[in-house]
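Encoded as structure tokens, the structure appears first; notes follow it.
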Amino acid sequence: MRFLVGMFAFAGAAGGAGALGAAVTQGSVEDAFFDGAMVGLAAVAVWAIYAVLVLGVLWVMGLGPDEVVSGAGRRRSGRHVGSPEMPGWRRRGHDPLVPVSLIAVFAVLGVVFAGVSLWTWHAEEPFRGDMATAHAEVLAWDDGWLGLGDRELVVRFVDAGTAVTARVRAEDVVEEAVFAPGGHLTVEYPPDAPHQARPAGTAETRAEDVGLALWAAGVSSLLALVSALGRLIGRRGPQPGGAPAAAT
């Protein structure tokens, strides 16, 4: 939370500096604030990447950040000073390089992404094959109960000479202009189920979602496998620092 607050505070300060400069030079204050805020966010992002890389190197070395800050080997004393060791940090020669939690995270991500892909593929079953298309008119929109639901557009189109009224998810609509009643959009639907209409191109988008989720599941599973192999090799081989591996 401190990092998030600091990130936005730094971005706000950078944007304020840019706006002040624009006010002095008679430039666009809004554009200057936005540009300055983006520069501030980018600077914090670069610093965060640098910090993560440093922590990764320290983890591999088995050197706690507290040891770097206080000086390696230097004992701190005082009435309220806690243990000089950071709880949960890897100790060189004692703890494995790859923790079980890292393997579990990648494995869970793989299962979640695979489940999303499977669920999307199953939900798209009625929309496989040739789809009929029609030009629909937006009659109204519905935000759900107390405005907490998913926005749906009530549309009307003609199928085989019959007027059909259906609901489509607003998030599937690309063009913002169709949101107002009286707007128009092209819908697609199974020929035998016109009430399941949705904006044209949704089937293609869903297919891309399935492929993307499968790709993410594969990458997560591969990372879980590599992490597991790393832990296995680390447990069977000598521990960093020359200490023998613990018996399994």
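Can you give me the accessible area per residue for the range 185-224, using a 1.4 Å probe, in Å²?
Numbers: 2040 Å² over 40 residues.
Roughly 51 Å² per residue, with all protein chains present.
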Vicinal HN-Hα couplings computed from phi for the range 223-233 (Karplus, 6.51 cos²θ - 1.76 cosθ + 1.60; Hz; Gly/Pro x): 5, 5, 5, 4, 5, 5, 5, x, 5, 5, 5
For a quick check: with amide H placed at 1.01 Å from N, whose amide H comes under 5 Å from Asp159's, ignoring anything fewer than 5 positions away on the same chain? Val164
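The values are calculated or read from the model by the stated rules, or taken from the named source; none is laboratory data. Just so we're clear, the structure is a prediction, and the values are computed from it rather than from any experiment. Each accessible area value is taken on the protein alone, full model and side chains, heavy atoms only, with ligands, DNA and RNA left out. Shrake-Rupley method; radii C 1.70, N 1.55, O 1.52, S 1.80 Å.
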